[in-house]
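The structure under discussion appears below in the form of structure tokens.
Just so it is clear, none of the values below were taken in a lab; they were calculated from the coordinates. The structure presented is a predicted model; accordingly, all values stated were derived computationally and were not measured. Using ideal geometry, Cβ is built from the backbone for each residue, glycine included, and neighbour counts are taken over all protein chains shown.
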Amino acid sequence: MAAIIRVLGLALAVHAARSDTCDGTCDARTINGSAACGLELLPWDGSFGATVATPMRDIVDAPCLHDAVRAAFAAHRLLRWSGEALAPDDELAFMKLLPHDGSPGAAHGPQGVAGVDAEKYARWRVPARDEILLQGEGFVPAGHHGVPEGHLSSGKPIKEWHTDGHYEAREPSIATSMYCVSVKPVGGDTLFMDARVIYDELDDAERGVFDCADIEYSRSPVSMHSSGYRALLEGESAASNVGSLYAEGAGRARAPGATHPAVWVLPDGDGRRSLPLAPMWIDKLNINGTTLAGDELQLLVAKVLARGERSLKTYAWTPGDFVVWDNRALLHSATPNDGFSPEGLRLLHRIRLAGNLAPVGPDTCAR
Ligand SMILES: O=C(O)CCC(=O)C(=O)O
């Protein structure tokens, strides 16, 4: 069984046992009578994830824990709290502890494309805190932080593996958070896979392709294969399955998106490489003057993404859960939204603050 470990605020030391001391390095203020400088974590089995036992508001209120929570995020790439009762300002205050672009007017994701999804995103943002977007499935009654009532449906009837925003932003969101307000009795799990494991599984020939490649993304969705690992190929069913969120975009000319190295060298923590491919948004892969596109590219992407399955985790939401993950290291997908029970409301708050770093590829490549 995983042991609870405690990350000390400023020293960033990880101890195998619980400790209530501040190690002489941190602000000795106390919360509920105990020292505030130790972050209690329960690491998950597998390559990523940890449950944080220290309540989120205690972390936000204790400056000596801020470095500790950033270190925990870099070490585990996904942190999860349960039983939280958070106001929008609490969620935002926490997300501002992680790397982001804090400049006025920063474009927090998702931005979307006018006439496709941009208006739908704008409609589901919390008016006074527009960094927060409502996600889910079902009827949202009036009174939820001022968002107008209406039927929310942000899923797709298929899986779609991706990482948030790198198809549309030069400096994509580093962290995404989801805070669970309510669930439907059936359906609505979120899937995660480790993009570092996907990179590790590449053979030499595949590394030869991906290590020095750039990917040109589009900001327009395409219909996906049910595996979520690739788009539909030429000649496969032309029926659109992108879901109501993207329905207006299917079949239209593709809006150009961002271009990034295919492989990201993670700047913090372990310095490992990751391959966070997003097949719904991929347009072209360019390497040494050669371009892969269309079916050839999609089949290659599907082949390598499928190998991430050994790191797959299915997250079943409970109201009060807050999960934050690193978009540079992990891929995620909703489960198909045709598996929901009709009753109830799946409602989550999502925050994707604008990033402050452009992805960097291996330094052995001339770009
Ligand atoms: O709702 C979910 O479970 C995940 C949603 C998602 O993948 C997204 O909107 O980026």
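Tell me whether the stretch 28-156 comes out rounded, prolate or oblate; compute the Cα gyration tensor, take square roots of the eigenvalues as a ≥ b ≥ c, and use a/c under 1.5 as the rounded threshold. Walk me through the numbers before you get to the answer.
Numbers: a/c = 1.95, a/b = 1.87, b/c = 1.04.
Note, shape of the stretch 28-156 comes out prolate.
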Notebook entry, point to check: Within a Cβ distance under 15 Å of Gly344, other residues only, what is the Lys/Arg minus Asp/Glu net charge?
Noted result: -1
Next item on the list: Quick one: of Lys96/Lys313; Lys96/Lys284; Lys96/Lys159; Lys184/Lys313, which pairs are farther than 24 Å apart, Cα to Cα?
Entry: Lys96/Lys313; Lys96/Lys284; Lys96/Lys159
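Extension gain Ala293-Ala255, at 0.36 nm per residue separation less the Cα-Cα distance, in nm?
Details: separation 38, 0.36 × 38 = 13.68 nm, distance 1.58 nm.
Full extension of this stretch gives 12.1 nm more.
Report the relative contact order of the chain, percent, no decimals, based on alpha-carbon pairs under 8 angstrom and at least 6 residues apart.
On the way: 871 pairs, mean separation 93.8, N = 367.
Result for the chain is 26 percent.
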Checklist line | For the stretch 301-367, the Rg and Dmax computed from alpha carbons only, in angstrom | finding: 16.8, 55
Notebook entry, point to check: If you add up the charges near Thr51, with Lys and Arg at +1 and Asp and Glu at -1, over every other residue whose beta carbon is less than 11 angstrom from its beta carbon, what do you get?
Noted result: -1
Notebook entry, point to check: Given Pro185, Ala316, Ile282, which one lies farthest toward the positive end of the charge dipole of the chain, if we put +1 on the Cβ of every Lys and Arg and -1 on the Cβ of every Asp and Glu?
Noted result: Pro185
Next item on the list: Can you give me the P(r) profile for the chain? Cα pairs, bins 10 angstrom wide beginning at 0, each as a whole percent.
Entry: 5, 24, 34, 25, 11, 2, 0
Next item on the list: Would you mind computing, in nm to one decimal, how far apart the modelled labels at Glu236 and Asp363 are, each placed 7 Å from Cα along Cα→Cβ?
Entry: 3.9 nm
Notebook entry, point to check: For the chain, what is the charge dipole size about the Cα centre, in debye to the nearest 20, if Lys and Arg each add +1 at the Cβ and Asp and Glu each add -1 at the Cβ?
Noted result: 180 debye
Next item on the list: Using R₀ = 25 Å, calculate the FRET efficiency as 1/(1 + (r/R₀)^6) where r is the Cβ-Cβ separation of Arg310 and Ser227; round to 0.05.
Entry: 0.95
